[in-house]
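Below is one structure, written out as structure tokens, with a few remarks after it.
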Amino acid sequence: MPRRHNDFVGVFDSGAGGLSVLARLVEELPREDFVYYGDSAHAPYGEKPREWIVRRCRDIVDHLVGEGAKAIVIACNTATSAAASELRAEYAHVPIIGVEPALKPATLAKGVNRILVMATPITLRLDKYQQLASRWGTGHEVVDAPCPGLAARIERGNLDSPDVIELLDNLVGEHWGKVDAAVLGCTHYPFVSSQIREVLGDVPLFDGAAGTARQLHRKLAERGLLTRSAEPGSIDLRSSDADANTIALYRDLLAKGVPLPVRHDLSFSR
Ligand code: DGL
């Protein structure tokens, strides 16, 4: 089904991670059309300089808005921390919704005191997270766990391989049995939730996808931008990396994240 012009939501991430957010967006707004752009040719973002990330995000948003996106979802914690404020200033006429580590819901959960926040090194360093942590983290014990290499490993797929557990064990294994909850502050990480539980113990995991989906819904409603279509929407998946394995990975991860309603038409284009 072709997209309805000027009636689609543009969603992007450094690669495949944002598909975990797209899954929740589709669940929340099943009649909207979505165009997803994964920048896998340039992933990971989380170990790159902030200025580089801002430039790259600007190019992607420029492209999506140029094609007629009515709203943008930055389905990446790293890109949100690095670039959301600049992008919002530059594209004031388009609602831009970001994703942030779900520290707030974790602190509000019953019986949770010690919270591990897993994210890319740059997300944890930037002001946006520091502000979030001082707003919601006080009164709880918040332990930051930068996870260099984890998003890049998830981009390579084959997530059942034992090396994923080994990597997680090196990154966060020391916290086994010592935390009450973990925040998955990178949109790639929900795809290895069960492996994270294996390494940390059976603790609740929090991510920002559902909050982002509700926020998109609110913003579209406020601005009168919700689709009037009564038909099921479509998903158009794109990537900067044309490799057939990348395309297969996107399809596979999206199908895992959403019990994908058959009514969503998947087209793949670069
Ligand atoms: N998925 C991204 C995030 O939420 C970034 C991963 C990366 O490119 O380093 O932070």
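The values are calculated or read from the model by the stated rules, or taken from the named source; none is laboratory data. Owing to the predicted nature of the structure, the values given are computational and were not obtained by experimental measurement. Backbone-built Cβ (ideal geometry, glycine too); neighbour counts: all protein chains shown. To get the accessible areas, we keep the full protein, side chains included, count just its heavy atoms, and leave off ligands, DNA and RNA. Shrake-Rupley method; radii C 1.70, N 1.55, O 1.52, S 1.80 Å.
May I ask for the angle, rounded to the nearest 10°, between helix 127-136 and the longest principal axis of the chain, with both axes built from Cα atoms and the value confined to 0 to 90°? Rounded to the nearest ten degrees, it is 60.
Using heavy atoms of the protein chains and a probe of 1.4 Å, the accessible area assigned to Glu90 is about 80 Å². Over all Cα atoms in region 19-141, the spread is summed up by Rg and Dmax: 15.6, 47 Å.
Based on the Cβ-Cβ distance of Ala210 and Asp163, what FRET efficiency does E = 1/(1 + (r/R0)^6) give at R0 = 35 Å, to the nearest 0.05? Computed FRET efficiency for Ala210 and Asp163 comes out at 0.70. Heavy-atom accessible surface of the chain, averaged per residue, reaches 43 Å², computed with a 1.4 Å probe. Ellipsoid semi-axes for the chain, based on the Cα gyration tensor and the rule √(5λ), read 29, 20, 18 Å when sorted largest first. Dipole size of the chain about its Cα centre, with +1 on Lys/Arg Cβ and -1 on Asp/Glu Cβ: approximately 800 debye, rounded to the nearest 20. Relative to the dominant Cα principal axis of the chain, helix 19-28 is inclined by about 60°. Once divided by 2.2 N^0.38 Å, the Cα radius of gyration of region 96-198 becomes 1.06.
Here's how it looks for Ile97: its modeled amide H is under 5 Å from those of Ile72, Val73, Ile74, which are all 5 or more places away or on a different chain.
Per-residue SASA remark: Asp169, around 80 Å² accessible (1.4 Å probe; ligands, DNA and RNA not included).
For helix 50-66, what angle does its Cα long axis make with the longest principal axis of the chain, in degrees from 0 to 90 and rounded to 10? Taking the Cα atoms of the chain, the angle to 50-66 is about 30 degrees.
Taking amide hydrogens as placed 1.01 Å from N in the peptide plane, the amide H of Phe206 sits under 5 Å from those of Ala182, Val183, Leu184, each at least 5 positions away in sequence or on another chain. Cα gyration tensor of region 196-252, axes a ≥ b ≥ c as square roots of the eigenvalues: rounded (a/c below 1.5), prolate (a/b > b/c) or oblate? Oblate, since a/c reaches 1.5 and b/c is not below a/b. Solvent-accessible surface of protein heavy atoms, probed at 1.4 angstrom with all chains present, puts Arg31, Arg228 in the order Arg228, Arg31, largest first.
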